[in-house]
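Please treat every number below as a calculation from the coordinates, not as lab data. Being a predicted model, the structure only gives us computed values, none of them experimental. So basically every Cβ, Gly included, is an ideal-geometry build from the backbone, and we count neighbours across all protein chains shown.
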Amino acid sequence: MNISVLAKSAAILAATVAITGSAHAQSNWPEKPVHIVVPYSAGGNNDRIARTLSEPMSKSLGVPVVVENRAGAGGTVATGEVANEDPDGYTVVMCEIGTMAINPHVYSNLTYDPVADFDPVIQITSVPLVLGVGDKLGVSTMDEFLETARNADPEIDFASSGVGSAQHLAFEQLKKQAGFEALQIPYNGAAPARTALISGEVGAFLDGTLIPSIQDGEVTALAVTGSNRLEALPDVPTFEEAGVDGVDFTSWHGFCVPAGTDPEIVGALNKATNDAIAENDVKSRFAALNIGLVGGTPAEFTAFIEEQYEALGQLVEETGASQQ
């Protein structure tokens, strides 16, 4: 797939300029509710982010902002559906690391092109991941986990929110760097995957939604991705500190609309989202979940998606994570 930042940047240049204008950049838009499609089940970060932003965005746009959950096939079903929606600004999809940068390298029958079929609106988050375990493996430290994983027969299993999801690829990276095998158990979203971990249905889960469950004592945190410990989990080491180098995976989320959406509408949605994530209440709610906020322009998000597409495509190849 040939992806060009220059082509996409030209297409959204007017949207970038429009960001400083009113959220009602077009006099006749919006005239009805705006729908945010979350391609995963309720309860995961995609869902939490969309629902947290929907109210302040509604105030900014002057119409209701409605969140719809459409789970299936690692987010690909709903994302493909939105690609075929009218480019009228009334349907926005939560486009994230899995659907936009991993799935194109994992699924051979993807029904959408993550670049050609969408106009990026804004990057919303950057989220470190936490390796969590429940009671199934009987471990409480990274050393114990690695010893169990390396000697398990049959191999241990781990949850993901679907083939090609961030949790899937991050765990594949962990397997490669730490030298063990494990069986992926995919679920339709982070919430059912987290439930499976807590109930003992699966052994491990590497995700960004585990902090509340860790704080409640339902999940034990072993290590976190990134170069620094998390403020919410100061006693949990990074993977490097725990003796596993090269596990630096960070998840991310944003909004996209079908390709061909009026640049003024893209700019209006961008402004409404930037305004929402700047609110103190929104900042504090995301901080409690260890969700880092980003913001910025459509052009910046376009360039970021291209960079991630290339980098994660290489990681898929290196780890053998493709379903093919």
Ordered by number, the GluC sites (Glu not before Pro) in region 266-308 that occupy a DSSP loop and have at most 16 other Cβ atoms within 10 Å are GLU279
Within the chain, helix-based [θ] at 222 nm, where runs of 4 or more DSSP H residues each add -39,500 (n - 2.57), nearest 500: -11500 deg cm²/dmol
When a footprinting reagent is the concern and you count Cβ atoms within 10 Å, what order do ARG194, ARG48, ARG285 take, fewest first? ARG285, ARG48, ARG194
Can you tell me the order of 41-47, 111-117, 177-183 when each peptide is scored by its average per-residue count of other Cβ atoms within 10 angstrom, highest first? 41-47, 111-117, 177-183
Setting aside same-chain residues fewer than 8 positions from LYS175, which lysines have a Cα under 27 Å from its Cα? LYS136
May I ask you to derive the relative contact order of the chain, considering only C-alpha pairs under 8 Å and at least 6 residues apart, and to give it as an integer percent? 30
Rounding to the nearest 20 debye, state how big the charge dipole of the chain is about its Cα centre with +1 on each Lys and Arg Cβ and -1 on each Asp and Glu Cβ. 620
Rank ASP248, ASP86, ASP153 by mean-square fluctuation in a GNM of the chain with C-alpha springs under 10 angstrom and give only the top-ranked residue. ASP153
